[in-house]
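Structure, as structure tokens:
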Amino acid sequence: MAIGDPLRDFSLLFPTLLSGIGTLSDKIKILKLNNKLKTNTLSDIFSDKEQSTLSYLKQLGFSSEIIGDFFSPFFSGIFLENKLETSSRMFEFVYKMFGEGYAALPKSGIEEIPKQLANNLKNTTFKFNRKVTSVKDAEITLEGNTKLESHYTIVATDASSLISNLKNQSTEWKSCDTLYFETENRVIKKPLIGLVPEPGTLINNIFYHTSLETNIIPNKELLSVTVVENQGLKVEDLIERVKRELKEYCGIDSCRFINQYSIPMALPRLDNLQYDMLPSETRLTTNIFLAGDTQLNGSLNAAMISGERAALSVVEIVSNTISSNR
């Protein structure tokens, strides 16, 4: 069955209302939640009391049926954990963003975002595939003991293994597996996410990345499958289980496996989530600054904001230094 926001797609109104997912009371509560989050600012959301998403949904009075059939599988795919332990701040933020904007990917993939940034940098040298072993004020050490002089360093990754005074402060991470298949046709005709809410299944969601007009693979469809909890299976067993579940729960019995990606550091596990920060808050030492979603909340949005704040902090320090030397 297809459900969705009828304000975005009116054809989903009656399927959503008549679906067996949730009670009429649940659907009224969803409307109330939509209205509440439309008026709440991001500052309101990230200053509100923090609790687990599961306790938040129960507090709002949602039934166990709609939590199990919709909220749990849908947000497990976003939070990459299936117990809805993620902060209610993150739930409200994501829910509000889905209500106000559109979920989308660049046509050529998510890598187009850093490529766009890189293309606008005219005096920058990139050193790819060079592992950093430590970062100190004014010095970056690469694998092989090559040392780079640095006036200011912004670390946009987990810095605990790189900076001596952050030892034993490492971030815990959520993982997932993504598998890609080639299929003959689509079982979902619209650009919708397919959820598998059955308890104990490997598959959390499926999505066709090819558009109805232009396929990446001529006359074929590119299907991605997200597995939040791989149950410790070997890759070969994981692939075969996923194929069986695609046939049993999704009606996809003809697919060719393309590739599987394990992503061990997909999202950080964080408490006391924040939306924004002052540029000065990114400064760790005299010359070292921290950026990345670990500074705020687990999202691309947070990674960009923290990166901008770190850059602004460096710009401010450099500007002040120049002014004082005049």
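Structure notes:
- In a reduced charge model with +1 at each Lys and Arg Cβ and -1 at each Asp and Glu Cβ, the chain shows a dipole moment near 480 debye about its Cα centre.
- Too-long pairs where the Cα-Cα distance tops 32 Å, listed order kept, from 32/83; 131/234; 83/243; 83/220; 115/234; 122/189: 83/220; 115/234; 122/189
- Ordering 314, 162, 25 by the projection of their Cα atoms onto the charge dipole of the chain, which places +1 on the Cβ of Lys and Arg and -1 on the Cβ of Asp and Glu, puts 314 at the extreme positive end.
- Separation between Cα centres of segment 221-293 and segment 158-212, rounded to whole Å: 4 Å
- For the chain, the share of accessible area belonging to carbon and sulfur comes to 53 percent (1.4 Å probe, ligands and nucleic acids excluded).
- Along its principal axes, segment 49-94 has C-alpha extents of 25, 22, 15 angstrom, given from the largest down.
- Working ranking of peptides 45-57, 189-201, 100-112 by packing, defined as the average number of other Cβ atoms within 10 Å per residue, highest first, is 45-57, 189-201, 100-112.
- Kirkwood Rh and Cα Rg combined as Rg over Rh, evaluated for segment 83-241: 1.03
- Among 150, 275, 72 - extreme Cα towards positive end, dipole of the chain, charges at beta-carbon: 150
- Across segment 24-172, Cα-Cα distances exceeding 25 Å account for 54% of all pairs.
- Legend: calculated FRET efficiency, residue 64 to residue 138, from the Cβ-Cβ distance at R0 = 45 Å, rounded to 0.05, equals 0.20.
- Angle in degrees between helix 24-39 and the longest Cα principal axis of the chain, rounded to the nearest 10: 30 degrees
- Kirkwood hydrodynamic radius (C-alpha pairs) into Stokes-Einstein, segment 150-307, 20 °C and 1.002 mPa s, D in µm²/s: 117 µm²/s
- Two-decimal ratio, segment 110-182, of alpha-carbon radius of gyration to 2.2 N^0.38 Å: 1.42
- With 24 Å as the limit, the listed pairs 29/174; 58/247; 29/49; 107/190 have 29/174; 58/247 beyond it between alpha carbons.
- Local net charge near residue 63, Cβ-Cβ under 11 Å (Lys/Arg +1, Asp/Glu -1): 0
- For the chain, diffusion coefficient by Stokes-Einstein and Kirkwood Rh (Cα), 4 °C, 1.567 mPa s, µm²/s: 57 µm²/s
- Å² of accessible area per residue within the chain, as computed with a 1.4 Å probe and no ligands counted: 60 Å²
The values are calculated or read from the model by the stated rules, or taken from the named source; none is laboratory data. All of these numbers come straight from a predicted model, not from anything done at the bench. In this analysis, Cβ positions are derived from the backbone assuming ideal geometry, glycine residues included, and neighbour counts consider all displayed protein chains. Each accessible area value is taken on the protein alone, full model and side chains, heavy atoms only, with ligands, DNA and RNA left out. Shrake-Rupley method; radii C 1.70, N 1.55, O 1.52, S 1.80 Å.
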